[in-house]
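**Q** Structure incoming, see below.
The values are calculated or read from the model by the stated rules, or taken from the named source; none is laboratory data. Not measured: the values here are computed from a predicted model. Cβ sites come from the backbone with ideal geometry, for glycine too, and all protein chains shown count toward neighbours. Note: accessible area is taken over every heavy atom of the protein model, side chains too, but ligands, DNA and RNA are not part of it. Shrake-Rupley method; radii C 1.70, N 1.55, O 1.52, S 1.80 Å.
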Amino acid sequence: MNAAPILQVEDIAVTYSQLIPALRGVSLTVPSGAIVALLGGNGAGKTTTLKTVSNLIRAERGELTSGRIAYRGEAITDADPWTLAERGLVQVLEGRRCFAHLSVEENLRLGAFARRPSRADLDVELERIYGIFPRLKERRKTLAGYTSGGEQQMIAIGRALMARPALILLDEPSMGLAPQVVEEIFETVAALNRDDGVSFLLAEQNAAIALRYANFGYVLESGRVVGKGNAQTLLELGTLREAYLGSGQPGVDGTPRRSRRL
Ligand code: ATP
């Protein structure tokens, strides 16, 4: 792992619609070549953090009111999402957004758009993605809307990979998926990290699985970082238990209660 961080978020504050504070002084670092987990319950600010980095919050009337974000050492606060994708920073949105009326392959092709590849280059890239997700090759002609939740998550990640990213912001990859499929998705993340050196900042409510794969984790609560460390430190400190369930309640079993607002 290189020493220089691929992403540095320094003391950012974000407000929606000029009055709803969502983040209050969040700082985090993704070392180059690392998998970093962003943990916390419903509404803690995970998605907002990712969308602030990729500059997608503006579309939701969100605004970065203070702080600084650097990607590969350069400030990216004003960079638009397309430029960031060209530079290797891409987000996989929560809820595995696919174009339901397009085929699996058409969805994947869209991911390469920012790179403007030649046809031959695009075909090579598609084969690479099919090597990573053989199931998508079998279903290449199927409309994405008719594929399973796990396959849609693979499409969403595959589409991001078509941009040849150095850093993927992955939002809740486990959401709504069966445990076995979640395991498969995380194994793919680990392989991309190990074999291709892709760095990940992944937001997860499922702390148990995220911390099995991440090198480091940050715990968010009400828009603030309330804990950070490696898996063992976070679990030992009990920070996760408090952030997910409220102080004094026992046990984090890896299936935090989605209905609870912190
Ligand atoms: P979840 O797992 O539910 O997505 P999260 O940790 O990703 O939770 P965010 O979605 O970032 O949390 O939400 C942080 C806070 O910002 C919450 O209080 C939420 O209600 C608020 N929020 C999020 N999106 C918007 C928006 N578009 N407009 C106004 N407030 C928003």
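**Q** Criterion first (modelled with pLDDT of 90 or more and either among the basic types (Lys, Arg) or out of contact with any Cys (no Cβ under 7 Å at 6 or more places or on another chain) (or both)) does residue 118 satisfy it?
**A** So residue 118 fails the test.
**Q** Have a look at 226, 252 and point out the one that is open to solvent by less than 70 Å² (accessible area, probe 1.4 Å) and at pLDDT below 65. Walk me through how you get there before you give the answer.
**A** Numbers: 226 fails: at pLDDT below 65.
Result of the check over 226, 252: 252.
**Q** Could you list, in sequence order, all residues of region 187-205 that are crowded, with 22+ Cβ neighbours inside 10 Å and either farther than 21 Å from residue 4 by Cα or polar (S, T, N, Q) (or both)?
**A** Across region 187-205, the qualifying residues are 199, 203, 204.
**Q** While we're on this one: Are there strands (runs of 3 or more DSSP E) fully within region 3-121 with at least 2 residues that are within 16 Å of the ligand (Cβ to nearest atom) and among the hydrophobic types (A, V, I, L, M, F, W, C)? List them.
**A** Hits in region 3-121: 5-16, 20-31, 35-39, 62-71.
**Q** Kindly evaluate residue 76 against the criterion of being touching a helix residue (DSSP H, G or I) at 6+ places or on another chain (Cβ under 8 Å), under 23 Å from residue 226 (Cβ atoms) and open to solvent by less than 10 Å² (accessible area, probe 1.4 Å). Outline the logic, then answer.
**A** Numbers: touching a helix residue (DSSP H, G or I) at 6+ places or on another chain (Cβ under 8 Å): yes; under 23 Å from residue 226 (Cβ atoms): no; open to solvent by less than 10 Å² (accessible area, probe 1.4 Å): yes.
Against the criterion (touching a helix residue (DSSP H, G or I) at 6+ places or on another chain (Cβ under 8 Å), under 23 Å from residue 226 (Cβ atoms) and open to solvent by less than 10 Å² (accessible area, probe 1.4 Å)), residue 76 does not qualify.
**Q** Filter region 164-178 down to the residues that are assigned to a loop (DSSP other than H, G, I, E, B), crowded, with 23+ Cβ neighbours inside 10 Å and away from the ligand (no atom under 16 Å from the Cβ) and list them by number.
**A** 165
**Q** Only one of 116, 128, 135, 139 is among the basic types (Lys, Arg) and either crowded, with 18+ Cβ neighbours inside 10 Å or in contact with a Pro (Cβ under 8 Å, 6 or more places away or on another chain) (or both); which?
**A** None of the others qualify; the one that does is 139.
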